[in-house]
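Readers should treat all values here as calculations from the given coordinates under stated rules, not as data from a laboratory. Everything numeric in this text was worked out from a predicted model, so none of it was measured. Neighbour counts run over all protein chains shown; Cβ positions are idealised from the backbone, glycine included.
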Amino acid sequence: MLSNLKTYSQLKAMLAITKASLHSIVRNPSAVVFNLVFPLIFIIVFGFISGGGFRIDVAVDKNSDKENAIYKSLESNKSIKLNSNIPEEEIHSELEKGRLDAVINIQKNENGNLVVNLKSTKASPERGNIFKMMINEIVNKQNLAFSKSDIPVTEIKEEVVEGRKYKTIDFILPGQLGFSLLSAGVFGTAFIFISLRQTLVIKRFFATPINKSFILIGESLSRLIFSMFSAVIIILIGNLFFGFTLVNGIVTFINMMILSVIALTVFLGFGFVVSGIAKNENAVPPIANLITLPQFLLAGTFFPISNFPEWLQPVSRALPLTYLNEAMRKISFEGANIFDVWYEILILLIWGVIIYSIAVKVFKWE
Amino acid sequence: MVNNTIIQVKNLVKNYDKLEAVKGISFDVHKGEIFGLLGPNGAGKTTTLEIMETLREKTSGEVIIDGFSIDKDQNEIKKIIGVQLQAAGYYPNLNLVELIELFSGLYNVETNPMEMLKLVDLEEKAKAKFKELSGGQKQRFSICTTLINDPKIVFLDEPTTGLDPQARRNLWELIKIIKAKGTTIMLTTHYMDEAEILCDRVGIIDNGNIVTIDTPDNLIDDLIKTGFERPKLLKLASLEDVFLNLTGKEIRDE
C-alpha cells in the first residue's frame, strides 16, 4: 500500500498508455501499411519514373524551323524525345491520350525573332509543365545571351540550371508525406478509439486513477511518435535513393518535421470527430474516406492544383491538406523555414480550431 | 459493526431517462468478506456495481468506500479498488506481460508481471495475446489485472458466466485465495450454487430493490422454517457431479 502514499503521477500513467499504444501500432499491419507502405510505393513508382525512365514525348510540327538554337538545345536534352514524323491528323488524339506530352512549332517572325508555339495537354499536365519550364529556361538563356548583358554567360547558365532542377520526386514526396499524416491522423485515431470504446478498454482505464485528458494525450502522443518515425523513413528513402531535394539539408529536414507535428495534431482532430460519429468500426471507412479521399485527389498530392479546372480550384483552396502540401514543398524545395510558411500554417490552425471544436461536441467515451 | 464495515451504500438511486434501474437500495459490506449481489438479468446488479466502481454517476444516495465518499474522493477510491468488468477486452495487440505493465503504469505501481501471472496460473501464457486465451484463462487474467494495485476491495461482475464446470471451480479457488489474503470481494452472479459456496453474505436484488440480505445459510433456514419443501427430494448427487466425475476436475484451458 506504500504506493498510495506517494502522489499519483498522471504523466507516468500517460506514458504507460503511450508505450502500450506504440507496441500495438507497430504490430497492427494496417497502420504500417497506411503510414509507410502506401506512401513509399507511390514514391518508389514516381521515383523511378523521374529517374532513369523519365521522358517527355514532344511532337514537332512539320512546318517548324529546326535550324535554330532552341531546337538544337531541345534535341540535345536526353529526357526530351522530339518526333517529327507523327502525321498531323494523329497528333491531336495522341495528345488527348497523353501519349504525347506536347507539340512545338518554332517560327521566325518578320523581325527575325524566334516564336515558340507550345501546345501541351491536360492528359499529361506534369510533364507538360516541366517541358514548359525547360523551354522557358532555354528561351531566357537565349534572350540574355542576345541582350549583351554584362553578366558572364557561363554564370547565368549555372544559376538557371540550379533554380530549375525540379524533379518529380520533389513534388510527389511532400504530397505523400502530407497524405501519410492525414491518413494516420484520421484512420489511426478513429479505429483505435472506437475499438477501445467497444471492448470496454477505456472503461477499464476509467477505473484507474488516470484522467480522461491524459488518456487522449497518451494515445495522441504514440500516434505522433509513429508518424514522425514514418516521416523520417519516407524523407530518408526519398533523399537517399531518389534524390529528393532537401535544399538546406538537415535544417530543411527539421523544418519539415516541425510542420509535420503541427499538421498531424490538426489531423488527429478529424480522427476524434470520426470516432465520435461512427457507430462502430464498420462505419469508420466510409466516413474517414469522405475526409481523406477528396483531399488525396484535390489537395495537390499528385498534380499541382493549378491543373484543375477553374471551378474546382476554390474547393482545393479550402482543404487543409492543400496548405500542408504547399508549405511542405516551399520548405523542402524553396528552402523556406517554418516562419516563412506562416500563412499556410495559419490556415491549418484555423482548420484545427474548427475541427477540435466539433470533436469536443461529438467525441464519445462510452 | 461500524468498524468492520468497508463499504456503505445508502438509499442509492439510479434513473436512466424514465427507467428506474436502482430504486433506493442500502447495504453494507464487511471487511474481508465475500459479498454477493444476486439477481436476475436487468435487476440492477451491474449498475449498482459500476456506481461503486466510480464508473457511473448515481442519481442520488450515498456510497462510502473505505471512508472515501464517491462524490468527493473518486480518485482515492480508484487507488484502493480492483475492477473486473463484465465481458471487457484488453488493449489490442499486446501480450499479457505488456498488459500488466500497462496497468502497473496506470496505477503507478511497480509489479513483477511474471509473479502476477503465476498467481493466476498463467505464466506459460506470458507472451500470448488476451484474445488467444480460453474463456477461463481470460477470466483469470481479468482477475489478475484487478490485483495489480494490491487493492483493499475487488469487484467482480459475473466472473464465471459462460465458463465450463471445471473452469468455474478453478475460478472459485482463485477467489478464495484472494479472500484468504484479507481482500474484501464484492461479486455479482446469477448462479445460486456459486453464491452458496463462495459468499459469506448475499444481497438479493430484483427490479432495482434489495429484497433481502443475509448469509446463504440463514436465508435457506428461514425458507425452510416457513414450511417450504422442494417438490422432489434431491438425490445425493447432481448431474454436475456426474459430469465432473466423468470428465474430471482438471481445467481444460488448452
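For chain B, rounded, prolate or oblate, judged on the Cα gyration tensor with a ≥ b ≥ c (square roots of eigenvalues), a/c < 1.5 rounded, else prolate if a/b > b/c? Taking the square roots of the gyration eigenvalues as a ≥ b ≥ c, chain B is oblate. Residue by residue along A:191-204, Cβ atoms of other protein chains within 10 Å of the local Cβ number 4 on average. Build a GNM of chain B with springs between Cα atoms under 10 Å apart, and of B:208, B:162, B:136 the one that fluctuates most is B:162. Expressed to the nearest 5 percent, the antiparallel share of DSSP beta bridges inside chain A is 50 percent. Helix A:153-164 and the long axis of chain A differ in direction by around 40°, with both axes built from C-alpha atoms. With the helix formula -39500 (n - 2.57) applied to DSSP H stretches of n ≥ 4, chain A reaches a computed 222 nm mean residue ellipticity of -21000 deg cm²/dmol. Site pair residue A:85 and residue A:280 shows an inter-label distance of 6.4 nm when each label is modelled 7 Å from Cα along Cα→Cβ.
Packing here is the average count of other Cβ atoms within 10 Å per residue, and on that basis the peptides A:340-352, B:172-184, highest first, run A:340-352, B:172-184. Taking chain A as a Gaussian network of alpha-carbon nodes connected by springs under 10 Å, the highest mean-square fluctuation of the residues A:108, A:132, A:279 belongs to A:108. Evaluating kT/(6 pi eta Rh) at 20 °C and 1.002 mPa s, with the Kirkwood radius of the protein assembly as shown over Cα pairs in the Stokes-Einstein relation, gives 72 µm² s⁻¹.
Choose one of A:258, A:216, A:272: the residue whose Cα lies farthest towards the positive end of the charge dipole of the protein assembly as shown (beta-carbon charges +1 Lys, Arg; -1 Asp, Glu; about the Cα centre). The listed residue farthest towards the positive side: A:258. Counting Cβ atoms of other protein chains within 10 Å of each Cβ in B:76-85 and taking the mean gives 4.
Ranking B:24, B:139, B:65 by Cα position along the charge dipole of chain B, where only Lys, Arg, Asp and Glu carry charges on their C-beta atoms, puts B:24 farthest toward the positive end.
With a Förster radius of 60 Å applied to the C-beta separation of residue A:75 and residue A:33, the computed FRET efficiency comes to 0.85. Among A:226, A:38, A:206, the residue with the largest mean-square fluctuation in a Gaussian network model of chain A, with springs joining Cα atoms closer than 10 Å, is A:206. Each of A:76, A:30 has some number of other Cβ atoms within 10 Å of its Cβ, and from fewest to most they run A:76, A:30. Each Cα pair under 8 Å and six or more residues apart adds its sequence gap; the mean of these over the residue count of chain B is a relative contact order of 26 percent.
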